[in-house]
Amino acid sequence: MSENGLPKERLIWMFTQMVRIREFEERVKGTFEEHPGVIRGHTHLADGAEASIVGSLAALRPDDQLTTTYRCHGYPIALGSDTKALMAEIYGRETGICKGYGGSMHLTDVERGFLGTSGIVGQGIPHAAGAAWGAQIRGKGQVVLSFFGDGASKQGAFHETLNIASLWKLPVVFVMENNNYQAYTRVEQEDANAAVGEPLAVKAKAFSMPGVTVDGGDPLAVHKTVSEAVERARSGDGPTLVESLVYRLSAHGNIIVPPGVPLHYPEHEAIAIFGNVEEYEAAQRGDPVPRFRAQLVTDGTLSAEEADAIAEAARAEMDEAVEFGLASPLPAPERATDYVYA
Amino acid sequence: MARELPYIAAIGEAVHQEMERDDTVLYFGQNLGLTDDDPYVKAFGNDRVRVTPISETAEIGMAVGAAFAGYRPVVQLYMSEFMLVAMDQVVNEAPRFHAMTAGQVKVPLVLQAGYGFTAGWAGQHTGTIYGMFMGIPGLKVVVPSTAADAKGLMTAAIRDDNPVILFHNYLLTLEHGDVPEGEHVVPIGEAAVRREGSDVTIVGIGWTVGKALAATEQLEGDGVSAEVIDARSLAPLDTATILQSVEKTGRLVVVDQATRHASAAAIIAAEVASEGFASLKAPIELVTALDATVPYSEPMEQYLLPDETKIVAAVQRVLEAAPVAA
Amino acid sequence: MSQSAHGRLDGDVGLELLRSMWRIRVFEERVGELTRADEVHGLVHLSVGQEAVAVGVCGQLRTDDAVYSGHRAHGHAIAKGAPLDRVMAELMGRERGLCRGLGGSMHLVDLEHGFLGATGVVGGNVPLALGSALAARLLGGDQVAVVFFGDGAVQGGIFVESVNLATLWRLPVILVCENNGFAEFTPRSAHTNVERVSDVVAPYDVERETVDGNDVVAVRDTFARFLAEARRGSGPMLLECLTHRLRGHYEGDPQRYRQALAAEEWQELDPVLRLQRRGIAERWLEEDALPRLEQDACDEVEAAVGSARESPFPSPNATAELVYAQ
């Protein structure tokens with residue numbers, strides 16, 4: 001057992017999910033180089049945020065639910081969605097988890113509680129609260145996690161929803177993944193709290209709810225914090241604002257260019273726009289995946305060989321996902337008007 | 001059994017009856033369900049009936065989320081302009097998810113939105129803005145003109161698995177009509193022929209249906225037989241019924257309280273011009289509000305609006321262009 | 001809360017404050033009568049009972065300071081210098097109205113006196129004030145922007161979006177909240193579990209204070225401090241004025257949602273009566289001068305009513321030339 005009181009299997013499970021997410025995201029990024037044209041439009045990667053994603057989801061029951069942002073690949077992976085179907089969706093194939101209708105920004109797996117993903121910053125926050133209202137009515141103790149970025153916390157939807165969720169004591173936990181950047185803008189440039197060096201969790205003060213900041217690079221710390229918030233919500237005491245500090249290792253998203261020019265991933269904004277190489281290199285050194293691996297190997301939870309085996313299995317799984325995606329057919333054009341009305 | 005109810009009560013009756021029938025129906029919004037004596041709260045409790053702060057983005061966004069989770073929310077917005085505060089949730093969230101998820105989720109919500117209150121409510125509270133919600137795939141728009149239809153369309157809207165905006169005209173609030181007591185459903189997507197005629201088709205929407213019917217009385221005296229169609233549903237639009245009528249009459253006048261390029265009339269006219277051109281004997285006439293922000297002061301306010309005089313004049317113009325054969 | 005709450009008020013200042021409040025009080029009550037007599041139409045929201053906030057704040061502003069208000073704006077407009085006859089004419093929809101009858105009660109604008117406008121959708125005015133404050137900052141002057149809103153507005157997303165930006169950019173905007181405990185027909189507790197409006201901005205470095213909004217001297221003194229700082233280049237500030245809306249949300253509101261104040265209770269709270277009691281106690285006001293004060297206000301308001309009645313209605317097509325700026 002670790003300090004967290006988590007059994008070894010659980011720790012290994014968490015590590016495995018982090019490795020799988022990293023491998024998946026690397027393969028998505030690789031697709032731009034290796035198979036240009038296969039991924040169209042916008043995609044946003046969560047490499048660097050694995051500890052926050054997995055630590056949070058590890059606190060959930062199977063019948064809990066969540067909504068996230070367009071940076072959504074990691075969550076369904078950890079929930080157990082079929083990575084072949086996820087990759088196929090990103091490749092726009094008819095075998096995709098949304099049959100090619102949604103793409104990278106709108107992954108959904110309702111059976112696993114992964115509700116519809118909105119691409120508009122902040123707008124999934126009220127969606128989560130609405131689902132939490134449903135959970136409150138049903139009275140089975142379900143909780144909903146609402147994931148969003150620091151950029152969303154300036155949106156009116158954030159303010160309105162947190163107020164109502166607090167007033168109605170909805171069983172929702174608001175997890176703000178603060179990666180210091182809103183697309184290309186640094187958080188101090190747009191946030192009055194960050195501009196004076198305050199953690200964004202202080203925003204909770206306006207809603208009479210607890211606000212707490214946690215190191216989003218430490219999956220066990222995230223797990224502990226989110227678990228406490230989930231228990232609070234489950235017991236009917238209402239929401240919490242959890243600010244999880246992460247660093248995304250890729251740029252905001254692939255670059256948008258005119259047709260004909262292949263989409264690709266630029267350098268992280270820290271370097272490309274702000275010239276802050278030290279910041280980026282420090283983040284690489286603090287990469288949560290090798291960090292957690294080292295921790296588990298050091299404390300004997302995993303041997304180095306076992307850790308390698310997990311990485312190898314992830315590589316094999318994602319190879320399969322990529323191949324499956326590439327081999328899958330695109331949807332027939334006339335399918336376009338299939339889901340207009342329920 | 002039917003009895004007289006005012007239009008606004010008919011809508012309420014639909015909500016109440018559907019909430020009785022289906023306990024996944026929720027009802028919420030500003031300034032409602034305030035005390036335990038409130039009829040909705042008494043009947044359905046504080047779980048399903050809640051008052052919200054002035055937070056349209058959250059209200060409509062939460063309706064979307066509750067719908068994801070299997071509920072059927074009805075959001076009382078009072079004025080359609082307040083949807084503009086939360087335009088993203090209405091246009092770019094609620095109607096998108098069923099398609100983007102290839103059918104994994106449905107968003108069966110209803111937005112109850114009053115409009116057209118040209119009674120001194122001034123520029124920001126008086127608009128007729130349904131036009132901007134037509135043509136959004138997945139989003140349905142209905143506009144009842146009678147108390148019975150108000151109940152029937154609200155019932156249909158709640159039962160529909162898609163997001164529906166029910167625009168109720170504030171000028172019709174106290175208009176009484178015969179409303180069936182029990183279950184009453186008016187299908188979405190079906191226009192209604194309110195009056196049969198042979199010389200000209202007049203299509204009205206919401207409040208303008210009554211104006212059109214009033215105009216036909218004068219026209220009758222002039223020996224003109226007018227057919228009046230109540231569009232009822234703007235999305236999906238029942239162009240078939242309109243085309244069928246124009247095939248019979250050959251002449252079309254569309255009356256809309258919205259301004260010209262924001263009107264449903266413009267879309268109806270485009271449909272008939274392209275699909276029913278062969279039937280037309282005269283150019284189509286649009287009688288819409290004049291292009292201006294609705295002014296506060298009464299004479300100006302009324303000047304902007306369609307009325308019987310303008311409708312009659314439009315009918316006379318189409319008859320002049322294509323007189324009825326003796 | 002304020003120093004001079006305890007010290008003696010300068011008599012001239014006291015009389016000026018009293019006259020301003022009487023002017024608004026009588027005006028609003030007269031508008032109430034005119035609404036019932038159908039001379040003022042449409043949706044009207046009166047500020048009887050809240051005069052101390054308008055007067056305590058606006059009395060200290062310059063013409064080039066921008067003031068914005070919401071739907072309950074008559075008092076703010078008058079306190080900022082809008083002439084009574086032109087406000088009354090606007091409410092009666094006449095040509096001589098501030099907006100030639102186009103705007104009405106919720107859309108008063110008097111550029112000449114720096115009353116940049118009333119808006120009808122809750123919270124919509126807050127970012128407008130930021131715009132004026134930004135302009136002031138860019139132009140290098142010491143003008144400030146003031147925006148009045150109610151407690152219902154601060155739950156809206158637009159409020160906190162504005163607070164964040166105003167704080168980040170250090171804009172000289174003073175947010176004045178008239179917290180009368182009700183947003184339309186619901187008490188504050190139905191909107192939020194944060195009791196004080198000033199707590200809503202707790203996360204931000206916004207100077208804030210809560211005052212007794214029925215004590216015009218307290219309002220005035222605190223605002224004076226904020227104003228001085230704003231002119232020196234501070235960021236946004238929030239003045240929360242706890243007050244009481246004596247009448248309903250709108251004229252005609254049956255107010256079933258709250259208990260009426262007992263007459264004695266209101267006597268205690270009434271800002272006008274309170275200042276009079278203070279004036280008498282401090283001897284800058286004679287008991288037998290009181291009727292004259294009220295009468296002067298009545299005369300002024302009656303003159304405004306007379307002038308407004310004489311103004312013609314605007315010509316019906318006056319709106320045509322006002323759709324686009326030329």
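Some notes on this structure:
- Beta carbons closer than 7 Å, at least 6 apart along the sequence or on distinct chains, pair a first residue in region A:156-167 that is facing chain C (nearest Cβ under 7 Å) and touching a residue at least 40 places away in the same chain (Cβ under 8 Å) with a second that is buried (at least 24 other Cβ atoms within 10 Å of the Cβ) and part of a helix (DSSP H, G or I) for A:HIS159/C:GLY157; A:HIS159/C:VAL160; A:ASN163/A:PHE207; A:ASN163/C:GLN155; A:SER166/A:PHE207.
- Residue in region B:14-23 that is within 14 Å of chain A (Cβ to nearest Cβ) and within 22 Å of C:ASP253 (Cα to Cα) present: no
- The set of residues from region B:246-293 being over 19 Å from B:VAL312 (Cβ atoms) and of a type in the set (S, T, N, Q) comprises B:THR259, B:SER263, B:SER274, B:SER279, B:THR293.
- Residue match in region C:191-203 (condition: away from chain A (no Cβ under 14 Å) and either crowded, with 19+ Cβ neighbours inside 10 Å or closer than 20 Å to C:GLY70 by Cβ (or both)): no
- One residue stands out among those in region B:76-99 that are of a type in the set (Val, Ile, Thr) and crowded, with 24+ Cβ neighbours inside 10 Å: the one that is farthest from the chain's Cα centre (by Cα), which is B:VAL85.
- Check on B:PRO283, within 14 Å of chain C (Cβ to nearest Cβ) and without any contact (Cβ under 8 Å) to a residue 40 or more places away in the chain: no
- Residue pairs meeting the criteria (Cβ under 6 Å; at least 6 apart or on separate chains; first more than 8 Å from chain B (Cβ to nearest Cβ), in region C:84-111; second among the polar types (S, T, N, Q)): C:ASP85/C:SER307; C:ALA89/C:SER311; C:LEU91/C:SER105; C:GLU95/C:SER311; C:ARG96/C:SER311
- Boolean, B:VAL179 is β-branched (Val, Ile, Thr) and either assigned to a helix (DSSP H, G or I) or within 21 Å of B:VAL272 (Cα to Cα) (or both): no
- Restricted to region B:48-157, the set of strands (runs of 3 or more DSSP E) holding at least 3 residues that are more than 10 Å from every other protein chain (Cβ to nearest Cβ) comprises B:72-79, B:110-115.
- Qualifying residue in region A:261-276 (condition: over 27 Å from the mean Cα position of the chain (by Cα) and more than 26 Å from A:GLY74 (Cα to Cα)): yes
- Among (1) closer than 25 Å to B:THR57 by Cα; (2) surrounded by fewer than 20 Cβ atoms within 10 Å (Cβ to Cβ); (3) more than 10 Å from chain A (Cβ to nearest Cβ), the one test that C:ARG188 misses: (2)
- Test for B:GLU285: is it at pLDDT 95 or above and farther than 23 Å from B:THR146 by Cβ: yes
- Just one residue in the set A:VAL187, A:VAL226 is buried (at least 22 other Cβ atoms within 10 Å of the Cβ), in contact with a strand residue (DSSP E or B) (Cβ under 8 Å, 6 or more places away or on another chain) and not basic (Lys, Arg); that residue is A:VAL226.
- Considering region A:148-254, the qualifying helices (runs of 4 or more DSSP H), each wholly inside and each with 1 or more residues that are within 15 Å of the chain's Cα centre (by Cα), run over A:219-234.
- C:SER162 vs. criteria within 14 Å of chain A (Cβ to nearest Cβ) and of a type in the set (S, T, N, Q): yes
- Verdict on A:PRO331 being touching a residue at least 40 places away in the same chain (Cβ under 8 Å), closer than 30 Å to B:LEU109 by Cα and surrounded by 15 or more Cβ atoms within 10 Å (Cβ to Cβ): yes
- For region B:287-324, a residue qualifies if it is in contact (Cβ under 8 Å) with a residue 40 or more places away in the chain, in a loop (DSSP other than H, G, I, E, B) and under 20 Å from B:ILE268 (Cβ atoms), and the qualifying residues are B:LEU305, B:PRO306, B:ASP307, B:ALA322.
- Of all residues in region A:198-225, those satisfying the criterion of being within 23 Å of A:ARG285 (Cβ to Cβ) and within 14 Å of another protein chain (Cβ to nearest Cβ) are A:PRO199, A:THR213.
- If you filter region C:211-237 down to residues that are over 15 Å from the mean Cα position of the chain (by Cα) and among the aliphatic types (A, V, I, L, M), you find that the one that is nearest to C:GLY141 (Cα to Cα) is C:ALA230.
- Every residue from region A:84-97 that is under 13 Å from A:HIS73 (Cα atoms) and either in contact with a His (Cβ under 7 Å, 6 or more places away or on another chain) or surrounded by fewer than 24 Cβ atoms within 10 Å (Cβ to Cβ) (or both): A:LYS84, A:ALA85, A:LEU86
- Test result for C:ARG225, surrounded by fewer than 24 Cβ atoms within 10 Å (Cβ to Cβ), more than 14 Å from chain B (Cβ to nearest Cβ) and either out of contact with any Ser or Thr (no Cβ under 7 Å at 6 or more places or on another chain) or closer than 27 Å to A:GLY197 by Cα (or both): yes
- Counting the residues of region B:251-286 that are of a type in the set (Ser, Thr, Tyr) and assigned to a helix (DSSP H, G or I) gives 2.
The values are calculated or read from the model by the stated rules, or taken from the named source; none is laboratory data. Please read all numbers here as calculations on a predicted model, not as lab measurements. Here Cβ is always computed from backbone atoms with ideal geometry, including for glycine, and neighbour counts include all displayed protein chains.
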